[in-house]
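The structure under discussion appears below in the form of structure tokens.
The values are calculated or read from the model by the stated rules, or taken from the named source; none is laboratory data. If you're wondering where the values come from, they're calculated on a predicted model, not measured in any experiment. Virtual Cβ from ideal backbone geometry, glycine too; neighbours counted across all protein chains shown.
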Amino acid sequence: MNKKIRRCLSLLLVAAMVVTGLDFVPAKAAETTYTSGDYTYTLNGDDEATITKYDGSASYVAIPSTLDGKQVVGIGDGVFQDKKTITGVNIPEGIKSIGHDAFAYTNLQELKLPTSLEDIGYSILYGVKGITSIDIPNKLKIARSYGNGDGPFAGSKIKEVTFENGITKIPDNVMNKCTELEKVSLPNTLQEIGEYAFDSCSVLKEIQIPRSVKTIGHDAFAHTNLQDLELPTSLEEIGYSILYGVKDVTSIEIPNKLKIARCHGNGDGPFAGSKIKEVTFEKGLKKIPSHLFHNASQLREVKLLDEMTDIDSYAFENCTNLRSIELPISIKTIGDGAFSGCTSLTEVLANKKITSIGKNVFQNCTNATIKVAKYTDSMKSFTDAEQNLEFSNLEYTDTVDKVIEHEKSTYEINGSSASSYVVMNLDYALKQKEIKNVKDMQLVVKLPATSVVNSIKLDGVALSESEFKITSDNKITIPVKKSTGKCRIYTTPNVDGRINSYAVLNYEKDGVSQSNIIGAVSENCTCLTLGCNDDVSYEKGEDSVSVEVKGYGISGKNVEIYVDGELVKEVMVSKTGKYSTDITLDYPENFKNYTVKIVSVEKSGKEAELSKQITTIENGPKLSGVSLYIEAHDYKDGHKTFDLLKNDGTLKYITFQAGKPYQFSIQYENADKISRVFVISSRGGYSRKLEAKWDADKNAYVTNGFFGNDASYVPGNLSIEYVAKPDGGTQVDEEENVTLTDEEKASIPENWREATAEQITDTESDYQAEITLKSGDVVEYSYDKMTLTEYAEELEKKQAAQSGEEDTELNACSDLSEGVGDIIDFLKVFDKEGTAKDIGKLYDFFEKDGFSRYTMGEGDLAQDIALVKTELNADTIQMYLVDPKAVDNTVARYIIKKGQSTTQKTIFDLFGMDSSTGGFLVDSANSMFSFEGNVINLLWMKQEVMSDQSLSPAQREAKLKEIQKMADIAAEKMVFTYIAGVIGVFGAMALPGSGVAIACGLLALAIKKCIIPMIESGDFDDFLNGKLSLKDMIIRWIIDPSGYVYEGVTTNRLSDVTTTLYYKEKKTDKKGTVWDASEYDQENPLVTDEAGSYAWDVPEGYWQVKAEKEGYETAYSDWMEVPPPQTDVNIEMKPLAAPEIKEIHSYETFTKVIFTQYMDPETVKNLTLTDSQGNSIAYTLSYDKSEKDAAGNVFAKEFTLTYDTPIAKGEKVTVGGMENITSSTGKTLAAVTKSDVASEDVRI
């Protein structure tokens, strides 16, 4: 601002105060002035003079050191201001202060400040063009600044400044707004850089800070053009916002002596408002100071040192772009709010030894999961802090000082879907040698803060409230005395989310209090889910199609199902927490989208809703069969096939077979439209994939492997996904006529689908067309054609013009400005002819923001990018990423698919505008627009409106609404790039020499601001990974079945046994009733599978199992109480028939005898062998001793009788002595004899 204007404003302020009747009270009485020649001066209390006025006209002014014998110590405000005749001046030693504007608007060519100078005012060289360098004396302590921030050299042409050797502190504001400053020289005596010292030195690109500096004040380098900044190793204290507004410094190293990081009242730390994306730390730093990166919103990558021990409070608060952090093994303490507000944080890799975590460390980090080793102090600390955990390591390391016998001690969740509680199962056992060495034992269990404890049982006995304690942070302490025990804690989680909990044994040993971790759990507890297929196939002519909708909810609550906002069905959640029903989609069309929404309640009682989009596809892939073939010795014939597509409304039970591969067979109608198929297993909130390959012989997709290549993984609910074959993509012929796919056509709003276009102008520099929509509205479409280089230059000019303005209100547009900068960088890769000058940079542009993570993933986009990398040239990049003429352009297809939803919303959000008017859906009130180039013009228009201080609030709002109307169409422009050819204006998007210039620029913006965030949030999975064609087959994988049925020995399982479950409410009830399992989506009775297993999930009560099979005595289990859950209820059945010899086979050296039942070996010794002459044959009995009954008794079916002396081939052998031989059940063998003729020995 001109200094004369500023002074006039001050006078006007005084005048206004007089006119408005305000009292004007001067600060003090006017000082006495004295005149000596051309100088007017005042005296201070020490009788020292300060010059207040100069009336001379000399070109060279030698300021006197004394006036009237008085020592001159100061030059007052504006003393030489506007004295344009002055070209030189000599300031004598002894001058201690220079007032503001002292030499403003003079023609000085040089200025030497006296070494005695201590205090300098603002703008002393404002408007002075001849002075380009200045030396700052070492005694300077104070540099004054104006209210707008102008420092002593604001408005000057100073390009170089040197600070005199001996100076220890650069005063606050000394170079503030010295906008021409290019070079700074600092001495090694310097210890402190003051506040705002170099603020707004907008062309300053570099500065070398000597290693003597210990303190840097706040905003010291704010709004400069620094390209890099190296903090000195001597630095101990740093102020807030030192790089505020600095765009090019993107990485920083923190010195190891740093102790203090100052924070502004709004939370801004030293790097708030900067573009710092990566930080490293100098070796030797032990503690990250509090607030160091508070509000450093661009920070993405942090590399912590292995020697660090502490992260202080709020160190990384509101680092909203920080996505992951690895905490090295040395970190012990994390302070309050250290990562609070890091909203993009998804992964924290924790070490094993974190012992202290403050309050709200990860507050508002809703997507963050801490990965931590299970049996560690860190696990306990994070669980105590109520953080979401995922176990990165399950290994348990036993040591001599631990008293727990790990193999017999467990802690796990038994979630009962048949009741509202979750059971925490805790079993513990001490090492035998430690039993006498410990005392004062206590089980301590940490539960989530929201969990409610209903009851606790210890060794089957319910505890009273006086027998355990619960603290305010939900830690349960249970005193125990036995060396082994079983504890069951029945809880209600109350909220959705993960259940993180641990159990420890506290005790005293050798007079020292100690603690051993027994176990920990991290399980997903989701209340409301929605499952349905992504695509639904229908046949042409059908007026409706049925879709299954299913999921989980709160037992007994209703789930309302809506289609496109209309309530179509209500269904009640079963007692197992499951719902399932069919809905009808009316009038399906090819690629027509329907929005399915469910509404129900959460455990907290609050209403919740979920929604999903379903697309109908004419003659699309349709799942027709899914079967699972498992090989296992437990099954008949060694294998079993399960029909998984059969839906009879009941739970499917499959016994888990560790180490046996999963052989799925998946059949589709219209399978020729599919490229890949996956089976997805979901359990505990996590998913694993198993890809199915096409088998032409079976006409099916088949698998033969394990989920995640993990043979020990127990599957969960199963889903089937497919990836559709590319449909050819947008076709563009040589005349730029566009042919869209059916899916692309379906994505165009109806109002535009039948639009027509009339070309008005098409020259080398201009294009104009009128588009008539189906509604009759006319849209004028025009722009100025430019080469890529011209386009980049135009954007740079506008960007530079914006960045040079003062007092702009553009915080909301910071992302936009960054996006424009990215587009400029992208366009600069091309020359005027549209050829890429640096292929590596072109590829790097796409790779740098995250695509590299997906080059090995699934889906066409990842494959396209991988091809770009292997065939690195301009053509491949254009073809695979941005060119609509490409045969299979994945990005183009994706943007079209998302054009009316996610992409549109993201671009509107980017502009900070309301998207409610709906993009293409233009009404008559705003149907005439001129784009004048491209969508980026709207960015500039908005910035200009926001920065125009002459506008009233009403005017600003009106202009923003006008821009909003333009954005209704402009935000769709990247989609329009690929559909405009349908209505004859494709040429409007092509630029001379480039073909796809604007497409490149806008796609660059879309990739950075839209697609990458969607990839990272998971929204892109639908496109990359495929379409759900079968969601959540609810399968109960039996690890510990309710039990099995056997005959004789436990390995001799009986299939096809009818097991019936009886229930009674009280133990004292005399008779039970057959349980109605249908209320719980189960069946009763059950028929045992090939493994002889059966399983039910039952609520509380008393239960008994009855087993029935033809040819066997009916068997019953004992009555059992639930809870706790009952497993290993194994029932032995006894055959009704007496045992018999099934076969005998005689040889030269032995006879083999096979029975129909398992026999008692002690009685089989009574068998006799005789030859054809009736002579006894002595033998030794042998048999398999590995098969036992539940009590551990050995029984066998096959026995070998080895002769003491071999017999001749053809000799008759008779087996007798049957009357004293009994089976496993005590039944006696029928008294018969069996004979065989000895054959030649079988050699094995």
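Can you spot a residue in the range 1099-1114 that is without any contact (Cβ under 8 Å) to a residue 24 or more places away in the chain and among the basic types (Lys, Arg)? So far as the range 1099-1114 goes, no, none of its residues is without any contact (Cβ under 8 Å) to a residue 24 or more places away in the chain and among the basic types (Lys, Arg). When each of GLU1100, GLU1148 is tested for being more than 49 Å from the chain's Cα centre (by Cα) and modelled with pLDDT under 95, the lone residue that passes is GLU1148. For TYR196, the requirement of being among the aromatic types (Phe, Trp, Tyr), touching a residue at least 12 places away in the same chain (Cβ under 8 Å), closer than 24 Å to LYS277 by Cα and in a loop (DSSP other than H, G, I, E, B) is met. For SER1182, the stated conditions hold: it is assigned to a strand (DSSP E or B) and out of contact with any Pro (no Cβ under 7 Å at 6 or more places or on another chain). Restricting attention to the range 584-603, the residues being in a strand (DSSP E or B), among the acidic types (Asp, Glu) and closer than 30 Å to GLN1082 by Cα number 0. Applying the set (1) modelled with pLDDT of 90 or more; (2) farther than 24 Å from GLY577 by Cα to ASP1128 leaves exactly one unmet item: (1). Just one residue in the set ARG323, ARG300 is under 23 Å from LEU229 (Cα atoms), among the basic types (Lys, Arg), within 17 Å of the chain's Cα centre (by Cα) and assigned by TED's automatic domain parsing to the domain that holds ASP268; that residue is ARG300. Could we say that PRO1139 is modelled with pLDDT of 90 or more and buried (at least 16 other Cβ atoms within 10 Å of the Cβ) here? Here the answer is yes, as PRO1139 does meet what is asked.
Here GLN442 meets each of (1) at pLDDT 90 or above; (2) surrounded by 18 or more Cβ atoms within 10 Å (Cβ to Cβ); (3) in contact with a Ser or Thr (Cβ under 8 Å, 6 or more places away or on another chain) with one exception, condition (2). Residue under question is TYR240, and the condition is that it be surrounded by 19 or more Cβ atoms within 10 Å (Cβ to Cβ) and over 25 Å from the mean Cα position of the chain (by Cα); does it hold? Yes, satisfied. When ILE216, ILE207, ILE254, ILE260 are checked against the criterion of being modelled with pLDDT of 95 or more, within 39 Å of the chain's Cα centre (by Cα) and surrounded by fewer than 17 Cβ atoms within 10 Å (Cβ to Cβ), a single residue qualifies: ILE260.
Within the option set LYS177, LYS159, being under 22 Å from PHE103 (Cα atoms), basic (Lys, Arg) and in contact with a strand residue (DSSP E or B) (Cβ under 7 Å, 6 or more places away or on another chain) holds for one residue only, LYS159. On inspection, GLY151 passes the criterion of being touching a Lys or Arg at 6+ places or on another chain (Cβ under 7 Å) and surrounded by 23 or more Cβ atoms within 10 Å (Cβ to Cβ).
So that you can scan it fast, the table gives a plain yes or no per residue for (1) at pLDDT below 95; (2) in the same structural domain as VAL73 (by TED's automatic domain parsing); (3) small (Gly, Ala, Ser); (4) closer than 19 Å to PRO232 by Cβ:
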| site | (1), (2), (3), (4) |
| --- | --- |
| ILE134 | no, yes, no, no |
| ILE142 | no, yes, no, no |
| LYS159 | no, yes, no, no |
| GLU182 | no, no, no, no |
| SER185 | no, no, yes, yes |
| GLY194 | no, no, yes, yes |
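When each of ILE370, ILE331 is tested for being over 23 Å from ILE499 (Cβ atoms), aliphatic (A, V, I, L, M) and touching a strand residue (DSSP E or B) at 6+ places or on another chain (Cβ under 8 Å), the lone residue that passes is ILE331. Inside the range 103-128, can you point out the residues that are within 55 Å of the chain's Cα centre (by Cα), farther than 16 Å from PRO171 by Cα and crowded, with 23+ Cβ neighbours inside 10 Å? Scanning the range 103-128 gives LEU125, TYR126.
Residues in the range 1207-1244 that are loosely packed, with under 12 Cβ neighbours inside 10 Å and in a loop (DSSP other than H, G, I, E, B): ALA1208, GLY1210, GLY1226, ALA1231, VAL1232, GLU1240, VAL1242, ARG1243, ILE1244. Taking GLY577, is it more than 26 Å from VAL453 (Cα to Cα) and of a type outside the set (Phe, Trp, Tyr)? Taking the combined requirement at face value, the residue does not satisfy it. Select from the range 1160-1204 the residues that are within 16 Å of SER1146 (Cβ to Cβ) and hydroxyl-bearing (Ser, Thr, Tyr) and list them in ascending order. Selection gives THR1168, THR1170, SER1172, SER1176, TYR1179, THR1180, SER1182, THR1200, THR1202, TYR1203.
Of the set (1) in contact with a strand residue (DSSP E or B) (Cβ under 9 Å, 6 or more places away or on another chain); (2) at pLDDT 85 or above, all apply to GLU307 but (1). Anything in the range 1183-1192 that is surrounded by 14 or more Cβ atoms within 10 Å (Cβ to Cβ) and either assigned by TED's automatic domain parsing to the domain that holds TYR1046 or of a type outside the set (Asp, Glu) (or both)? List them, or say none. Once the filter is applied, which keeps residues that are surrounded by 14 or more Cβ atoms within 10 Å (Cβ to Cβ) and either assigned by TED's automatic domain parsing to the domain that holds TYR1046 or of a type outside the set (Asp, Glu) (or both), the range 1183-1192 yields TYR1183, LYS1188. Name the residue that is modelled with the highest pLDDT, counting only residues in the range 358-390 that are of a type in the set (A, V, I, L, M) and over 30 Å from GLU405 (Cβ atoms). Taking the candidates together, the pick is VAL361. Taken together, ALA1196, ALA1107, ALA1115 contain a single residue that is modelled with pLDDT of 90 or more, in the same structural domain as GLU1065 (by TED's automatic domain parsing) and buried (at least 19 other Cβ atoms within 10 Å of the Cβ), which is ALA1107. For the structure I just gave you, tell me whether GLU1162 is in the same structural domain as THR1222 (by TED's automatic domain parsing), acidic (Asp, Glu) and either free of Cβ contacts under 8 Å to residues at least 40 places away in the same chain or exposed (fewer than 14 other Cβ atoms within 10 Å of the Cβ) (or both). In short, yes.
Within the range 44-64, the set of residues being small (Gly, Ala, Ser) and either closer than 17 Å to LEU111 by Cβ or out of contact with any strand residue (DSSP E or B) (no Cβ under 7 Å at 6 or more places or on another chain) (or both) comprises GLY45, GLY56, SER57, ALA58, SER59, ALA62.
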